[in-house]
Each structure stands twice: as structure tokens, then as C-alpha cells.
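The values are calculated or read from the model by the stated rules, or taken from the named source; none is laboratory data. Remember, it's a predicted structure, so these values are computed and weren't measured experimentally. Positions of Cβ are generated from backbone atoms using ideal geometry, with glycine treated the same way; all protein chains shown enter the neighbour counts.
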């Protein structure tokens, strides 16, 4: 038996992870390629997470629910109905009767148990490939209190997802977004944050709604968020520290700064600045350590919505220099500007994929907004979803999914116009609304925690 | 915020009740040199075509009237707000709103209004005047609004 000891200490959380066993057997991963169409979800059975006490049982129920929901929501799995299970034992220390699971067509089987002692929850899980008749993952993890149970559930979900699909997981992540309420001409907007699944227990407001706030984005190091805020009617880019709750203005510009995003190393912010003398909007880069500012574009057109490539070498952006808004790529120093969008329509919101090979964007054409993806060359443009109003595509950290917001049509009597956040596989399947307490817009995904 | 809301409601009422009759004399209740005065007797806004920041012929006559009014009330300072309709991305519309506000700013400055009296702010598509996903609502939301700040 191969033993691993893995310890992850985060400043904010101390989640201790013991991986006690990894199978060394060769195992055929579920083939998941993005070019293919709809993937048939793989059936997985998840037994009860057995508990040694009331507290442990309750923790186990919560974990099972989180894991089951996460895997189903990915569109790559579905949980076989518990009523069909023939074997009802704890299968962490016991080899399953694989025949009993084959007969109900469970391709994979996850079992777990929970112990609670000395204020610590210890969870063990074991994952089996039913048809191969073998264990493929066994892990033991502890958390010091129940507040971390959701993160633990997300971590286990990531382990199962990664083991079976061979892709990086994305469950132990958060979404920052703009919570909206009130009449459409006087919307109150607040920064808000939640787990990737939108669970109400994870939801938190970060600002009080006094100032208009827009377009939050995570730093790749997960410590801060950059966003835009109107303070005394002056719209500027800010940084919000997630640990301290302190916000800080970015740069001393004499006019509006907006459309901020971090560089991949979290040390720089690329954003637009609109010169109050000329109203010309150009893209600037600010080094957060040295506070130096570099101007990257120089054109009478509007240059905005910059987004770095994951290697930090290039920037994709939106410009109307050719007469109407299109997508362009330039080197990170502003050189070698090339137009990449070719189709008819008004392009916007380009976002570079974490895998580096694609750009997500919005396009207005034939009176509808489309969210699409294209290769970084501009070739292979595909529509992921279209509707009356769609905006703010953001990639999952593993590059397989997008979140975005949708706005309904509004009527002149003031009704309608609701905004909501949605999740979709980039193949265009498995669209799902992420529940938020109020309306939601401008979602952005954190990196994997 | 309340004051702003009042102005918006007030301007809404004026627009509704005055449709068809353009020349309205101030009346006793409107203070000279106030926002209400500007709205009722001059016009506080100009409209733009889709994805454009060029001032139209109608817009020019409104701005010419604003210039005369600003010359008359030389103690008044203004903020020029730039707005866009909902059919563009949030970020592009912030840039477009800034261009609209700036075009008006330059027009007033070229006519001799001191730049020390003027500010601009872009709200992009965040503050529509008219709610509704219709061509008519969008055409009224693609605007600059001159607001009295002092």
C-alpha cells in the first residue's frame, strides 16, 4: 500500500488532508474532450456516509448531499437513486459486492464514514470502479469544526471528479458577483460572494449598497478582488482585500478607471482609463508593487475590457478602432495589435481561457446577445448560448464551464429586467441557474482554493 | 440620492405634462438658475444615435440654449452625465458614456463656458431614464444630462 501524507495549510482555513491510499493500478479515465458534443452523464452510487455519533451522522449527511449535488451539477455524473441500492453496508473498510452495484448500473461507487471526537471531524472516503471491480481512490481528511464542512465536501467532490475525468476539479471555488435590487433606474448594487454552488449558507455581502459597484474579478492568488466603485460620483477601480475587508483605490488617475483584471501573477492590474480631457479610453497597466503605470494602447477609438492570457504574455481586448466593437490581441507591452474577431456583429467582454487556447466573448447580432468561444486566432467561433441579453462570461478554473448573467426584457411599467447568474458547459449543454438571494450580475470565478 | 430621485420624478412629470407645448414659462415655483429651471425652460439633455457620440442638430440647439442659460447664471456649476442604452456591454458603455459627456463638455467649453464650472461622469447603462426594452426607451436613454451641482 502506497502511503501519502499531504498537508494543506491555508492562512484562512486549516484543512488537513490525509490521502492514505492511491491505487497504482492502471485505470481508464472517462474520456472528456471539449470538442465533443453532449456527454452522457456517468452513473455513480454514493452510499450513506456512516457516522459514529449524532454529530458525525449529521456531518455525513451534509457531505453526501454536497458531493452528490456537485457531481450532478457538473453534467458529467448522475447519482443513482438510493432506493435501488442492494448493499447497505459501510464500504470504507469492506470490499463491496460489485455484482450488487453492477446490477443497478452504477459505474462508480463512493462510500464514506465520519468520526467526531475532540472537536474534530474525521472523514474517510473510498471510491470504486464497479465494472473493473477495484478501488481507485481512498482518502482520509479532518476538519476542526463544522464551519468547514462545505469546503470539505467540495474538496472530496474535486478528488472524485479529478480521479474519474482526468481533468482538474472546480468545486472548491467561490463566485464573486454583483447583487442587485430595486427599480431599474435606481438599482442598488452590492459586492457579494458565495461558494460555486450558490449555497445560501456560503453567501455573504461585501459592500453595503451605498455606492454603485460593478465588474468584480478575483486575483489569481485568491487574496483580493478588483472591481469598480462610484465614490462621490467618481468611478474608479478598487482592490478589496478578502481577508481584512479593506478596500484600496488603484492608481491616482484624474478620471474614470474601469474594466480591471489582474495579471496571472496577481502583481499587476490591467484596466481602462478614460482621459477627462479627451474622453479617449485607453488600456493601462499598473504594477501594484512599484505603483508604476504603463499605457498600452494609443488610438482614438475605445479600447477596453482587457484580459490577460494565462502565461501573462498577451492581452485580449475590445476596441471600436475599426468602426464598431471587435476583439483584438496584443503583446502585454501593447505591441503587435491584431484583430481576431471576424464575424458580423458587435463583439465585447473577451476573456482568455485558463487553458490558454480559447477566448470567451459576447456578440450582439440579429438583436440577440450570444456568448461564444473562439480560438485565440479568431477561428472556430462557436455559440455557447444566446438570448435577449447575456453578459460577463467567466471561465471555471478548469476551463470546461462558463458562468455569465442574463437579463430579462423590461417593460415601460418598470416590471421585468431581472438579472440572474447561470452556469453552462462550453459545449452549450447543461445550462443551470445559480441561485442568489437577490438578482445577480457580473459573476467572476475564483481559482481553485 | 433623494434630491436626485426628486429631480428624476419631477423631470418625468414635466415631460409627461408638457408634451405638445414647448414653451413653458417658469411660474412662481421654479427658482431661476436651478435644475428645474434648466429642465423646464432650456432642456437638460441631448440624445444620441446608437453607438454614437456625435451631437445631432437637435442636440446643438439644446446645447446653445444651455450656453445662453449658463452665461446668464454664471454662478452655476454643472456636471455632465453621459449615458448609454442597455444594448452594449457594461464596460464599452462606460467608455461610450464618457465620450458623450465629453463631447458636450467640449461643445460648451468651445462656446466660452469655463472648464472650472464643469465636470463629467459616465454612468454607462447603469441609470436609464426610461425603463423598457424598446427602441423608444433606448433612444431616450442614449443621452447626456446636464445637472446643476452648485
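Odds and ends about this structure:
- Of all residues in region A:165-183 being crowded, with 23+ Cβ neighbours inside 10 Å and within 14 Å of chain B (Cβ to nearest Cβ), the one that is farthest from the chain's Cα centre (by Cα): A:180
- Filtering region A:370-383 for residues that are buried (at least 19 other Cβ atoms within 10 Å of the Cβ) and within 29 Å of residue A:201 (Cα to Cα) leaves an empty set.
Each row is one residue, and each column tells you yes or no for (1) at positive phi; (2) over 21 Å from the mean Cα position of the chain (by Cα); (3) surrounded by fewer than 16 Cβ atoms within 10 Å (Cβ to Cβ).
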{"position": "A:320", "(1), (2), (3)": "no, yes, no"}
{"position": "A:330", "(1), (2), (3)": "no, yes, no"}
{"position": "A:345", "(1), (2), (3)": "yes, yes, no"}
{"position": "A:350", "(1), (2), (3)": "no, no, no"}
{"position": "A:364", "(1), (2), (3)": "no, yes, no"}
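- Test: residue in region B:79-102 that is crowded, with 21+ Cβ neighbours inside 10 Å, more than 14 Å from the chain's Cα centre (by Cα) and more than 11 Å from chain A (Cβ to nearest Cβ): yes
- Every condition in (1) more than 14 Å from chain B (Cβ to nearest Cβ); (2) at pLDDT below 95; (3) surrounded by fewer than 18 Cβ atoms within 10 Å (Cβ to Cβ) holds for residue A:200 except the one numbered (2).
Table: residues versus (1) crowded, with 21+ Cβ neighbours inside 10 Å; (2) under 29 Å from residue A:355 (Cα atoms); (3) out of contact with any strand residue (DSSP E or B) (no Cβ under 7 Å at 6 or more places or on another chain).
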{"site": "A:277", "(1), (2), (3)": "no, no, yes"}
{"site": "A:286", "(1), (2), (3)": "yes, yes, no"}
{"site": "A:301", "(1), (2), (3)": "no, no, no"}
{"site": "A:333", "(1), (2), (3)": "no, yes, yes"}
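- Residues (touching a helix residue (DSSP H, G or I) at 6+ places or on another chain (Cβ under 9 Å) and within 25 Å of residue A:397 (Cβ to Cβ)) located in region A:273-321: A:304, A:305, A:318
- Within region A:310-323, residues that are at the interface with another protein chain (Cβ under 10 Å from one of its Cβ atoms) have Cβ atoms under 6 Å from residues that are in a loop (DSSP other than H, G, I, E, B) in these pairs: A:318/A:325; A:319/A:301; A:320/A:301; A:320/A:302, counting only partners at least 6 apart in sequence or on another chain.
Matching residues to (1) in contact with a helix residue (DSSP H, G or I) (Cβ under 6 Å, 6 or more places away or on another chain); (2) at pLDDT 95 or above; (3) in a strand (DSSP E or B):
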| residue | (1), (2), (3) |
| --- | --- |
| A:210 | no, yes, no |
| A:215 | no, yes, yes |
| A:220 | no, yes, no |
| A:227 | no, yes, yes |
| A:235 | no, yes, yes |
| A:253 | no, no, no |
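- Matching option when the condition is in a strand (DSSP E or B) and touching a residue at least 24 places away in the same chain (Cβ under 8 Å), among A:272, A:341, A:266: A:272
- Failed criterion for residue A:352 (all others in (1) in contact (Cβ under 8 Å) with a residue 24 or more places away in the chain; (2) within 12 Å of chain B (Cβ to nearest Cβ); (3) touching a strand residue (DSSP E or B) at 6+ places or on another chain (Cβ under 6 Å) hold): (2)
- Hey, residue A:243 closer than 23 Å to residue A:378 by Cα and more than 11 Å from every other protein chain (Cβ to nearest Cβ) or not: no
- With respect to the stated conditions, residue A:203 fails to be closer than 16 Å to residue A:438 by Cβ and touching a helix residue (DSSP H, G or I) at 6+ places or on another chain (Cβ under 7 Å).
- Note on region A:363-432: enclosed strands (runs of 3 or more DSSP E) holding 2 or more residues that are within 14 Å of chain B (Cβ to nearest Cβ) and within 28 Å of residue A:189 (Cα to Cα) are A:368-375, A:390-395, A:401-407.
- If the condition is being surrounded by fewer than 16 Cβ atoms within 10 Å (Cβ to Cβ) and either on the phi > 0 side of the Ramachandran plot or not in a loop (DSSP other than H, G, I, E, B) (or both), then region A:433-449 contributes only A:433.
- Taken together, the residues in region A:64-78 that are closer than 15 Å to residue A:161 by Cβ and in contact with a strand residue (DSSP E or B) (Cβ under 7 Å, 6 or more places away or on another chain) amount to 9.
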